[in-house]
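Asks: Pasting in a structure now, in structure tokens, and then I'll have a few things to ask.
The values are calculated or read from the model by the stated rules, or taken from the named source; none is laboratory data. Treat the numbers as computed from the prediction; the structure is a model and nothing was measured. Ideal geometry is used to build each Cβ from the backbone, glycine not excepted, and the neighbour counts take in all protein chains shown. Only protein heavy atoms, including side chains, enter the accessible area calculation; ligands, DNA and RNA are left aside. Shrake-Rupley method; radii C 1.70, N 1.55, O 1.52, S 1.80 Å.
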Amino acid sequence: MKKIIEEISQLFDGEKARLHTKEISSFYRSPGSTGYNNAFDYVHNQMNDIPFDKISVDTFPLTERSGYAPAWEPIKTEVNLIYPHHEKIISFDEVPTCLTWYSSSTGKGGVTAELCDVGSGLSEQDYHGLNLEGKIVLASGNKPEDTLRVYDLAVKKFGALGFLSDCLISPIDGLRTKELKPDYVSLNRLSRKYNDGWAVIISGRMGKKLRNLLADSKVMVNVEIEAKTFNGIGKSLICEITGKTEPENEILLVSHLTNPQPNANCASGPALMVELAKVFYDLIQKNKIDAFERTVKFLFVPEGLGSKAYIAKYSDSISNIISMICLCGTGQDQDLSKSFLSLSRTPDSIPSFINDLSYSFLEKSVNTINPQLKFRETPYSPFSDNSYFNSASVPSVLLSSEPNIFFHTQYLTWETTSSEVFNVSACVVGGTIQYLSDVEVSSVVRLINIISARSRLRVTSKASDLTNAESFKRKSSPEKLFLLNNRIDYLINRDLLALESCNKLSKSLEIKALVEDSKKQLTSFATDYTNQILNNQIEMNNCE
């Protein structure tokens, strides 16, 4: 692993990855928009300069009837305070994250209407006694679904024209709140369809100012939005390095191009993939690594939609995908964004070798390149393209930077990225891919040992956390036995299935035998360890 990491690290250019991020994030990249197509063309041109065995473009309809979201493109947003005085509230030109996706146009000149504060706007009680017909609502919130709920109530049920909200999604205590970051404006979305109304997100500072005005007088605002929702075309780019001996078995690397300007977290995934592809071909050309035995595909998609379309189109061969790695926000400067490099596991319903393999590369990459960087493993996170592939039973992990104080705001620019974090991320992804592209039995043997070792660590860590908890100490012996067995059985059964997944990497009888032997050893370890803990607990209770 260390050798692979060093080879990739020496060649990967983190500064070039940052510049790709700058270029991609200079476009407003909503699905089917001019900006998305411009970003797509930029990446396509970059990948065309690399000698892939195959480069293709998949298209699919962006229409409501097709089962995909329609295309949507923002053009203009201006919100101005009209009474009790004139003042600009927000504009799309200055803060592109302000317009909620799939909002409709207001018409030229916009609409001028009275502003009504409904608090959070999440409960029907918030609207009690209010006549909102022809008016504009002011609401708040902290979650993406809050915006959807306010739209359903304020616009669809109670007849408001649209609403303003200072909803700052994904707050982080002590780091990212409306009070600590009063000028942050976060991207929100309406449902993916043709909508009759609109929503504009404003800053916490402006939300507080408007509420103070409403406490003393009537408030009138003018909102002018120009946006189009239309039947369009979705595009995904597929770049393939064909495997030499097992071309039918595939490893996927997926990132998405969609997001508003200037959001760089989603732009960083494609940027990393461009530079990593160059590294792979350089290493192969210089004979520092062998040509890939299994097929490796680089997928650049509109988030969610492109993955859904890919799975539908290639449904007959989707079972040939060994595993998928998804990238989103992989290059964030940790000091600026207050983030960790986070590896999100597959869901527990899809145990896989990919979890322990990719995390081992994360751990070793950080220790090799910069031990000061923060990293962690997290449970399954369904918030990117990994969720679509996991739903299709393709074991998929997500590499991202979380938490991120700039997440989906106007301050998430390419300047918040780090060449060093890009480098580590490239080693994690590139190392995992290169390892999985090898068909040697020895590689699978090492992987089985990695899973077994990490499983033991998980068991001892979970048992320690459990037995040290005060609530556990207060339980009776039978209760302790049940709880401890339950927790450890869950972990072990999941990891036994992860060991079994190694059989997908080799048809060797040696591997099959090793998997079965490793499963028996792991089961025996868990039983012995549980009994040891329980005996210790009984002795302690007797002493007391």
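Asks: Give me the residue from the stretch 348-391 that is in a helix (DSSP H, G or I) and among the β-branched types (Val, Ile, Thr) and, out of that set, farthest from Ala453 (Cα to Cα).
Replies: Ile369
Asks: Right, something else. Do we find that Gly232 is buried (at least 20 other Cβ atoms within 10 Å of the Cβ) and either in contact (Cβ under 8 Å) with a residue 40 or more places away in the chain or among the hydrophobic types (A, V, I, L, M, F, W, C) (or both) in this structure?
Replies: Spelling it out, Gly232 is indeed buried (at least 20 other Cβ atoms within 10 Å of the Cβ) and either in contact (Cβ under 8 Å) with a residue 40 or more places away in the chain or among the hydrophobic types (A, V, I, L, M, F, W, C) (or both).
Asks: Now for a separate question. Here are some residues: Glu420, Glu402. Which one is farther than 24 Å from Val296 by Cβ and at pLDDT below 95? Spell out how you get there, then give the answer.
Replies: On the way: Glu420 fails: at pLDDT below 95.
Of Glu420, Glu402, the one residue that is farther than 24 Å from Val296 by Cβ and at pLDDT below 95 is Glu402.
Asks: Among the residues of the stretch 13-33, write down those that are open to solvent by 10 Å² or more (accessible area, probe 1.4 Å) and among the aliphatic types (A, V, I, L, M).
Replies: Hit for the stretch 13-33 is Leu19, nothing else.
Asks: So, in the stretch 335-362, of the ones that are in contact with an Asp or Glu (Cβ under 9 Å, 6 or more places away or on another chain) and open to solvent by 10 Å² or more (accessible area, probe 1.4 Å), which residue ends up nearest to Tyr435 (Cα to Cα)?
Replies: Among those residues, the one meeting the criterion is Tyr359.
Asks: Taking the stretch 374-432 on its own, how many of its residues are open to solvent by 20 Å² or more (accessible area, probe 1.4 Å) and among the hydrophobic types (A, V, I, L, M, F, W, C)?
Replies: The number of residues fulfilling the criteria is 6.
Asks: Taking strands (runs of 3 or more DSSP E) that fall entirely within the stretch 95-192, which contain at least 2 residues that are under 30 Å from Ser401 (Cα atoms)?
Replies: Hits in the stretch 95-192: 162-165.
Asks: Among what's in the stretch 162-193 and is open to solvent by less than 30 Å² (accessible area, probe 1.4 Å) and among the charged types (D, E, K, R), pick the residue that is farthest from Asn263 (Cα to Cα).
Replies: So the residue we want is Asp166.
Asks: Only one residue in Ala463, Ala453, Ala498 is under 33 Å from the mean Cα position of the chain (by Cα), open to solvent by 50 Å² or more (accessible area, probe 1.4 Å) and aliphatic (A, V, I, L, M), so which one is that?
Replies: Within the list Ala463, Ala453, Ala498, the selection yields Ala453.
Asks: Among the numbered criteria (1) at pLDDT below 90; (2) of a type outside the set (Gly, Ala, Ser); (3) on the phi > 0 side of the Ramachandran plot, which single criterion is violated by Phe482?
Replies: Here Phe482 meets the rest and fails (3).
Asks: Now for a different question. Just one of the numbered conditions (1) under 30 Å from Gly134 (Cα atoms); (2) crowded, with 18+ Cβ neighbours inside 10 Å is not true of Asp196; which one?
Replies: Among (1) under 30 Å from Gly134 (Cα atoms); (2) crowded, with 18+ Cβ neighbours inside 10 Å, Asp196 violates only (2).
Yes/no per residue for (1) assigned to a strand (DSSP E or B); (2) more than 22 Å from the chain's Cα centre (by Cα); (3) not small (Gly, Ala, Ser):
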{"site": "Ile5", "(1), (2), (3)": "no, yes, yes"}
{"site": "Gln46", "(1), (2), (3)": "no, yes, yes"}
{"site": "Thr59", "(1), (2), (3)": "yes, yes, yes"}
{"site": "Arg65", "(1), (2), (3)": "no, yes, yes"}
{"site": "Ala69", "(1), (2), (3)": "no, no, no"}
{"site": "Trp72", "(1), (2), (3)": "yes, no, yes"}
{"site": "Glu78", "(1), (2), (3)": "yes, yes, yes"}
{"site": "Ile90", "(1), (2), (3)": "yes, yes, yes"}
{"site": "Asp93", "(1), (2), (3)": "no, yes, yes"}
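Asks: Further question: Can you name the condition, by its number, that Pro478 falls short on among (1) open to solvent by 80 Å² or more (accessible area, probe 1.4 Å); (2) within 28 Å of the chain's Cα centre (by Cα)?
Replies: (2)
Asks: Can you tell me how many residues within the stretch 80-101 are in contact with a strand residue (DSSP E or B) (Cβ under 6 Å, 6 or more places away or on another chain) and either open to solvent by 60 Å² or more (accessible area, probe 1.4 Å) or not hydroxyl-bearing (Ser, Thr, Tyr) (or both)?
Replies: Final tally of qualifying residues: 12.
Asks: Six or more apart or on different chains, Cβ atoms under 6 Å: show the pairs whose first residue is in the stretch 193-209 and more than 26 Å from Thr63 (Cβ to Cβ) and without any contact (Cβ under 8 Å) to a residue 40 or more places away in the chain and whose second is open to solvent by less than 10 Å² (accessible area, probe 1.4 Å) and in a loop (DSSP other than H, G, I, E, B).
Replies: What qualifies is Gly204/Asp166.
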